[in-house]
Each structure stands twice: as structure tokens, then as C-alpha cells.
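Here is the structure we will look at.
Here, each number is a calculation from the coordinates, and none is a lab measurement. Worth saying up front: this structure is predicted, and the values here are computed from it rather than measured. Cβ coordinates were reconstructed from backbone atoms using ideal geometry, including for glycine residues, and neighbour counts include every protein chain displayed.
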Amino acid sequence: MTEILRLRNLHKSFGPLEVLKGIDLAVAQGEVIVLIGASGSGKSTLLRCINFMEIPTSGRVFLHGTPVGRQTSSGVSYVERELTQIRARIGMVFQHFNLFPHMTALQNVMEGPRTVLKCSPDECRNRADNQLRKVGLEWKADAYPSQLSGGQQQRVAIARALAMEPEIMLFDEVTSALDPELVGEVLITMKELADEGMTMLIVTHELGFAYSVADRVLFLADGNVLEQGSPPEVLTYPKEEATKNFLRGHSSFRLPEPQLD
Amino acid sequence: MGYEWDFLVVLRDFDLLLLGLVNTLKVTVLALVLGVPIGLALALLRLYGNLVVRAPVGLLIEFLRTTPPIAQLFWFFFALPILTGIEIDPFRASILTFALQSSAFFAEVFRGGIVSIDTGQWEASKALGMSRNESLRRIILPQAVKRMIPAFLERAIELMKTTTLVSTISYADLLYQANSIAQSTYRSLEVFSIAAAMYFLVIFACSMIVRYIEARLAIASEAAH
């Protein structure tokens, strides 16, 4: 197993509020990790610290064994230039898609290769065509985001991140803003990506999806990883009382989650 | 009333009025061409500069917005030469005043436009690995500028009206020309009526264009939702 990402004793505070209280995590190449937990447990913040959308208050992030930032006597210092390069290597998809509304689907997907990677126009076009085809939306290439359904927008957003050919993909509650009937198409796209061997960290409330796609499930509570293991270990036979409560609350008024194959 | 209208006297000097109109447009357009980029620079400094920059820039903007344009014009024309020892002609003083004055307004329009863009747009471009400048240039400003166009055009029209002040420092704009013709022909009523009509025609045409563009933008953004 090749380690691609390691977090060491990661802390993050917003003012007096400590959101992450020392996270340690090693992620193998190709591993699919699902983060679950109540809102406020720190799952989103954890994702956002991995690609430095938030700067960790302390602790270290290692990418392929190389630490990000420079250790100084007063903590780790980061240079913005290094962080933009790290972000370019890690894809992120958001709850609210955040497509660029003044660009077509194709232009959205071309934007990263064009502006950040400085690819040639042909190369940008190629990458964008390929990624749109992969998410099944090549026929919507010339549509503007406003002309797409929520599910289609989210798939374009996934294609946009993939066009950067990232080493890791982060998904931050990407189906939470979707109408229920549009959730499936996005989950299927993610499942295909996982099957291709993409390293993925996913924050989601879709426990059925987590069960069928995750290699490892992490349960976060109050800024700590309280419990982790295979999907059956965490989702079916949780050991911790908090995990059991969370799962009970989560499924009390739900039909059984659909099983993806 | 027994007043005898005589437009002919005035129309003989119509070329002078036209010259005045051209001069008015010259000041307006130059003030816009200089004022918009200065305004953008001021807005970016006010938004993203460090504290040492932000405070004075904010003060400058507020100062330019809250002092009467005529006081600024007099300052640049009469006071600045004393300070610098360099004589300044009415044309340059006018450009300087109105470029700076409108830049302050444009700075606020830019700032309003930029902050009105959803933070998710910043997040998405940042996550792709864009620097702040790249995000601004490629993602934020194109969207912000589109929202700002009506306010810009509105401001441009306002500016053209304000430039009549330059006649007070003997710059030969439309109003100044009208005034001199009136004094030489004693036909104030005719001259100023024609001058007013000329302002009306130009500005009304401009505001028609503004309205047309606004309507087009409204349709475009409706199609976008």
C-alpha cells in the first residue's frame, strides 16, 4: 500500500472554538474514505484543511510523504504559492456546485487546465471533452449552468475538478443540496470514479452509498475520529455509544438506503 | 408677451456651440477612460490592501465623494499650482478633477459589484488552484462587471452633467460657449434654450441606450435562471 496522504495531529480553531482536536489519518493510494458525523463534528473542516481551503492551526499535512509548509519555532508557516500548487493537485467538489455561471459547461471544465496549468487550447479542450463524456454530459457542453439541473451541475463540477487530473478528490456533502431524485446520478458518477481507483475522501449523509463504496468509514464526533473501520464495522456493528446514537437518529425515519452495485 | 424670438443670430454661431459640445464630450470621455481604471485600482486597494493602505484609500474615496465637485475643480485649478509651482490649464484641471472624482464613485461601484459575488465562486476557483488575482480576473470581475454596467452608465450620464462646472474656470465647454454667445448677441433666451436642448438630446440618447442595455441584461439574466 502506497501512502498518498497523511495528517498528523491536525488541529483547527476558529477563534475560541476548536473544531478539530488532533486528527491523525493515513490514506492509501486509491482508498475511498467516507466521513460521517453530526453537523459541527468537524468533517467539512477536516476536508477543507486537506487542500488548505482552511489553514490548520497546528499539525501537519503530508502529500506523498512530503510535508506541506515549513516548520518554524512558532509553528508551521505556509506560503500562498505552495498552497495554490497543493490545491491544484487535490480536487474538491462542493455542496452548492459553485459552477462559474458566466461560462458554459465546457468552459467551466476547461478553466482549471487553462488558467492554472497553462495547458494549450487543444489540451484544455481534450481534457474537458473527456471529463464531460465521463460524467455523461458531453451533450450539454454548450449549456450554461443555469440551463442544467442540480444533478447535472454537480456532475459538471466533478468533471471540472477531474480535468485538473488530481491525485485526491474531496467531496463535501455534494448531494445535500439536490432534490432527492437527482441524488442518484451524482452518486453513480462518484461510484464509477471510485471503481477507477481514484483516492477519495467523502463527507456525506448517504449512508447506503457509504456502505457500498467506502473502503473505510470514519465517525467524527466533537473534532475527533471516534471510531473507524470497514463499512460493516462502523455502520452495522458500531462499538461506540455515540456512533450508535448517530446511526439510530439518522435512520429512524428513513427507508432502507438504496444499495448501489 | 412681446418678445421677438430670433434664433438666426444664434444659429450663426452654431459651430461654436458644436465645438463646446465636443469639448464637453472630450472631458466626459477622458474622465471616464481614466476614472474607471483608477476606480478599479482604488476598489481593489480598499478591499484587499493591507491596513496601512486601506484606511487612506477609504478616506480618499469618501473625501472625493463628499466634497462638492466645484470645490475640487477650484482646488486643482487655483490651489494645486501654488503647491507644485506648475501652471495647469483649464482642460487638464478639468480632466484631473473629474477623473479623480468619478474614480471615487466607480471605486464604490466596483467594490459593490465584487462583494456581491457569491463566496462560493471564490471557493471554487481557489480549490482549482487559482491565485487571488487569477480568481479576480477570470471568475469574479467578469461577473461583477456585468452587474455594474447599469450603475456605470448612470454615473457616466451624471458625469456629463457635472462637467458643466468647467465653464467656471473658462474651459470652452458647451455651457461656456453658450454663455459667451449670449453675451455678444444679447440673445440669452435663444442661446441657453438651444444649449439645453443639445444637452438633452445627447444625454437622452445616452439614457435610452442605458435602458436598452439594462433591458437586454435583464433578459439575459432571466434566461440564466
Which residue, A:Ala194, A:Ala221, A:Ala143, has the most motion in a Gaussian network model of chain A that connects Cα atoms within less than 10 Å?
-> A:Ala143
The relative contact order of chain A, taking Cα pairs under 8 Å that sit 6 or more residues apart, comes to a percentage of 24 percent
When chain A is modelled as a GNM with alpha-carbon springs shorter than 10 Å, which of A:Pro113, A:Pro232, A:Pro145 fluctuates the most?
-> A:Pro232
Projected area, mean over directions - chain A, Cα convex hull, nm² | 14.7 nm²
Once the mean of 1/r over all distinct C-alpha pairs in the range A:122-261 is inverted, the Kirkwood radius in Å reads 16.5 Å
Give the cross-link partners of A:Lys43 among the lysines, using a straight C-alpha distance below 23 Å as the criterion and excluding same-chain residues fewer than 8 apart.
-> A:Lys12, A:Lys21, A:Lys191, A:Lys239, A:Lys244, B:Lys126
Which whole-number percent gives the relative contact order of the range B:7-223, counting Cα pairs below 8 Å spaced six or more residues apart?
-> 30 percent
In the neighbourhood of B:Lys126 defined by beta carbon distances under 10 Å, the net charge of the other residues (Lys, Arg +1; Asp, Glu -1) is 0
For the range A:1-133, what size does the Cα cloud have along each of its three principal axes, sorted from largest down, in whole Å?
-> 46, 34, 33
Counting other C-beta atoms within 10 Å, which of A:Asp195, A:Asp129, A:Asp172 has the fewest, and how do the rest follow?
-> A:Asp195, A:Asp129, A:Asp172
In whole angstrom, and with the biggest value first, how far do the Cα coordinates of the range B:135-181 range along each principal axis?
-> 53, 16, 11
GNM top mover of A:His250, A:His11, A:His205 - chain A, alpha-carbon springs below 10 Å | A:His250
Using all C-alpha to C-alpha distances in the range B:7-223, build P(r) with 10 Å bins and read off the rounded percent in each one.
-> 8, 26, 30, 21, 11, 4, 1, 0
Listed residue (A:Val213, A:Val203, A:Ser176) projecting farthest to the positive dipole end of the range A:143-261, Cβ model | A:Ser176
Which whole number of Å³ per residue matches the convex hull of the alpha-carbon atoms in the protein assembly as shown?
-> 221 Å³
Length-normalised contact order for the range A:168-256 - Cα pairs under 8 Å, 6+ apart - percent | 22 percent
Kindly give the semi-axes, whole Å and largest first, of the ellipsoid equivalent to the range A:60-179, taking each as the square root of 5 times a Cα gyration tensor eigenvalue.
-> 30, 17, 11
Compute the signed sum of charges (Lys and Arg +1, Asp and Glu -1) over the other residues within less than 13 Å, Cβ to Cβ, of A:Leu178.
-> -4
